[in-house]
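Heads up, the thing below is written out as structure tokens.
The values are calculated or read from the model by the stated rules, or taken from the named source; none is laboratory data. Keep in mind it's a predicted model, so treat the numbers as computed, not measured. Ideal geometry is used to build each Cβ from the backbone, glycine not excepted, and the neighbour counts take in all protein chains shown. Surface accessibility is based on the protein's heavy atoms, side chains included, excluding ligands, DNA and RNA. Shrake-Rupley method; radii C 1.70, N 1.55, O 1.52, S 1.80 Å.
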Amino acid sequence: MSLDVDPDHPDPEHDNFLEKLRTIHNFGEDVHKSQPPKHRSTQRSEPVVRSDILDDLLASGEAERLLAEYRAMSDSLPFVPIPTLTAQELNETKPMLFLAVMTVGSWKEHQQQMSLDELYRRELANRTIIKPKRTLSLIQSLVVYLSWYHFVFSHKTQQIFSLIHLTIGFALDLNLHQKTRRLPLDIPGYRKPSPPASEVQRERQRTFLGCYYLSSSISCSFHKPNLLKYNDYLAECTRTLRTDHEYPSDEVISSLVNLRRLDDQVQDTFHTEDTIDLPITDSRINMNLRFMEAQLEEWKRDNTGYQHHRALNMSCSVAEMQLNSIALRPIPELSQQGLSSSLQLNSLLSALEAGKRFLDTLLSIPVTDYYLISFSEWMRIPYVIIAVSRLCIPCDAHASAQWDVKAAQDRVRLDLYLESLCYRMQALSTFDKVKQPHPDFWSAMKMIMDLTKDWYCRKIFKQSESSHNLPTPETMSSYRPETGTNSFQTPSAEGYSIANHFESLNTRGASENGEGSGRDPFAFMRSMDFDMDQFLEMNIWGHESYEDMGFGGGMGF
């Protein structure tokens with residue numbers, strides 16, 4: 001096609017075509033004739049979620065109470081603060097965030113939470129895959145939803161690893177990873193969008209830091225690579241939030257993110273294919289261990305003002321435990337003398353004390369405040385329990401290192417910690433065979449703690465029959481660590497009644513799938529020879545652990 005025009009015979013249709021080409025490619029000063037492509041705003045309006053359950057919550061005033069519940073919960077993970085908006089205003093301006101807040105805030109009403117969870121996932125699918133709505137509030141809703149994911153967790157609908165990367169993908173689409181949008185090509189005449197207002201920029205930074213925090217926590221817990229790495233811009237975000245101090249919780253964000261950065265360093269340094277089997281005496285391990293211990297001590301000095309912040313205390317204890325648990329790796333026989341033995345013993349002791357601080361912090365929190373603890377912190381409990389048990393159960397490696405397991409057992413009474421947690425989970429659970437037959441998060445945790453406690457006691461007695469001061473699984477059920485008295489009279493078999501209920505659900509699921517019936521997914525934990533390393537590798541939150549049982553939303557029981 002030729003664009004040449006005969007001046008003696010003008011063609012109006014041809015002239016219109018040329019004018020359209022000029023309009024497309026012209027970025028001149030006349031904004032009325034030509035306009036560059038508009039920058040996608042993160043504040044664009046969203047369609048309100050239409051649902052009878054949300055309308056009822058707003059009409060009854062229950063939505064305001066649930067919003068207040070969320071504000072208390074957000075103190076633990078303050079990446080999405082909602083300080084002044086009413087429930088109605090939040091619903092009108094950020095409907096997906098409003099729905100996520102209503103979902104996590106409904107932890108007391110299990111059936112209501114299940115319904116809201118189903119509604120949220122349906123709307124999420126519609127607004128991300130079917131009719132994409134890339135908005136900041138959509139990303140914020142995912143940060144909120146994943147921060148308290150344990151309330152709606154179910155292995156059949158469990159997508160936490162894919163959901164966090166969906167969140168990261170939308171964050172990158174909205175350029176949350178940089179101050180302003182930058183084009184890959186410098187187009188002449190293109191007007192660069194002005195940077196957002198300072199309060200909007202801080203909101204974007206908090207959201208992106210929340211994406212990093214969750215990505216790091218989930219990747220570490222599930223032993224998967226963290227695709228969102230800590231970088232200079234994340235460091236700049238933490239400094240900006242701490243300096244501007246728009247909300248008091250902005251300083252907590254900086255502390256939480258810095259701890260997560262240290263956790264990432266531990267994973268990247270000590271748990272790669274090249275270093276996973278190296279002992280603590282290896283120079284590649286020992287030198288990096290000392291460097292990271294210095295970083296952790298510096299973090300503690302910088303955060304002395306937050307000594308009573310539960311999330312920081314628990315995160316710091318786990319970071320120290322992960323760092324020093326490298327001492328659990330076996331040391332070659334030739335390195336078992338002098339300095340090597342002292343190095344290993346000091347790290348083992350530090351790991352034990354860190355595990356004790358974590359459990360003490362968890363038990364110091366009133367049981368009525370357990371709903372405030374985020375999913376990121378609950379995911380740490382299996383690791384802490386497993387690591388402490390490995391420090392307290394006799395083995396050849398401990399004997400060669402001259403580690404006193406009896407002293408460790410007396411220092412950290414893991415049996416009593418687990419019993420106390422069982423008691424607390426039972427008090428929180430709404431599970432009832434008649435009124436509420438659907439297992440919730442607390443009943444599942446109660447069952448797992450009960451089985452782990454009985455396994456631990458049997459393992460201790462198998463290794464040391466002379467330890468008469470340790471309680472048996474039968475007497476454990478009558479002891480309450482909070483009071484030191486035998487006031488909790490529920491028989492230990494009660495723990496197995498919950499397990500049997502789950503087993504009945506499992507039997508039904510197996511029959512429906514044409515598989516064998518009567519299969520108990522926790523049978524291996526009742527074995528005297530059960531290997532805790534197997535439990536660690538399986539991951540307590542994984543599919544194998546909740547095979548055909550499930551709790552949380554979307555199960556349809």
In the range 54-88, anything surrounded by 14 or more Cβ atoms within 10 Å (Cβ to Cβ) and assigned to a loop (DSSP other than H, G, I, E, B) is listed as S74, D75, S76, L77, P78, F79, V80, P81, I82, L85
Quick check, is S162 within 25 Å of W442 (Cα to Cα), of a type in the set (S, T, Y) and at pLDDT below 95?
yes
Return yes or no: is E246 more than 30 Å from I331 (Cβ to Cβ), assigned by the TED database to the domain that holds F161, in contact with a helix residue (DSSP H, G or I) (Cβ under 6 Å, 6 or more places away or on another chain) and modelled with pLDDT under 90?
no
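For (1) in the same structural domain as R206 (by the TED database); (2) open to solvent by 20 Å² or more (accessible area, probe 1.4 Å), each residue gets a yes or a no:
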{"residue": "V257", "(1), (2)": "yes, no"}
{"residue": "R261", "(1), (2)": "yes, yes"}
{"residue": "T281", "(1), (2)": "no, yes"}
{"residue": "M287", "(1), (2)": "no, yes"}
{"residue": "A294", "(1), (2)": "no, yes"}
{"residue": "E297", "(1), (2)": "no, yes"}
{"residue": "N303", "(1), (2)": "no, no"}
Would you say R134 is under 17 Å from P47 (Cβ atoms), modelled with pLDDT under 90 and in contact with a Phe, Trp or Tyr (Cβ under 9 Å, 6 or more places away or on another chain)?
yes
When you scan the range 365-466 for helices (runs of 4 or more DSSP H) that lie fully inside it, which ones turn up with 3 or more residues that are under 25 Å from H223 (Cβ atoms) and either open to solvent by less than 30 Å² (accessible area, probe 1.4 Å) or hydroxyl-bearing (S, T, Y) (or both)?
375-378, 380-392, 414-428, 441-463
The residue that is farthest from Q113 (Cα to Cα), considering only those in the range 24-81 that are touching a helix residue (DSSP H, G or I) at 6+ places or on another chain (Cβ under 6 Å) and modelled with pLDDT under 50, is S34
Looking at S254, S249 in this structure, which one is out of contact with any Phe, Trp or Tyr (no Cβ under 6 Å at 6 or more places or on another chain), free of Cβ contacts under 8 Å to residues at least 60 places away in the same chain and of a type outside the set (A, V, I, L, M)?
S254
